[in-house]
């Protein structure tokens, strides 16, 4: 919701400003039609590769704080929002907890995640399936049309 580009820029700046986090790569922006709740504007998506000394749940807490700082409030699933930051992969780590699942539970079937992720980490391997991100992005079950836009300066 709101100024989508400004929201992404603010999220990237906030992520880069976290202690113990280094932004390494940022994909182009991709515009995608909404899933689930389709009566809303298109989404902008991108993928970011970071290096961090934080543990997964520490990073999750930090990105939830960024979301809140940028105006995100609890709403219905797949509804409109100012920003949504998901942690998709953590190297070869597999984690299942009440707060977090790694790799992200649904990323393998979402073109809006896989296309930007393949752009910056196509050779990365899904530790559950053994497939590379590029392979997953090329599968027919990667649902949703995505339109590649420009690079976002932040």
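General observations
- Test result for residue 54, farther than 24 Å from residue 146 by Cα, in a helix (DSSP H, G or I), touching a strand residue (DSSP E or B) at 6+ places or on another chain (Cβ under 8 Å) and at pLDDT 95 or above: no
- Residues that are farther than 21 Å from residue 8 by Cβ, part of a loop (DSSP other than H, G, I, E, B) and either in contact with a strand residue (DSSP E or B) (Cβ under 9 Å, 6 or more places away or on another chain) or modelled with pLDDT under 90 (or both), drawn from the range 137-154: 140, 141, 142
The values are calculated or read from the model by the stated rules, or taken from the named source; none is laboratory data. Quick caveat: nothing in here was measured; it's all calculated off a predicted structure. As a convention, Cβ positions derive from the backbone with ideal geometry for all residues, glycine included, and neighbour counts pool all protein chains shown.
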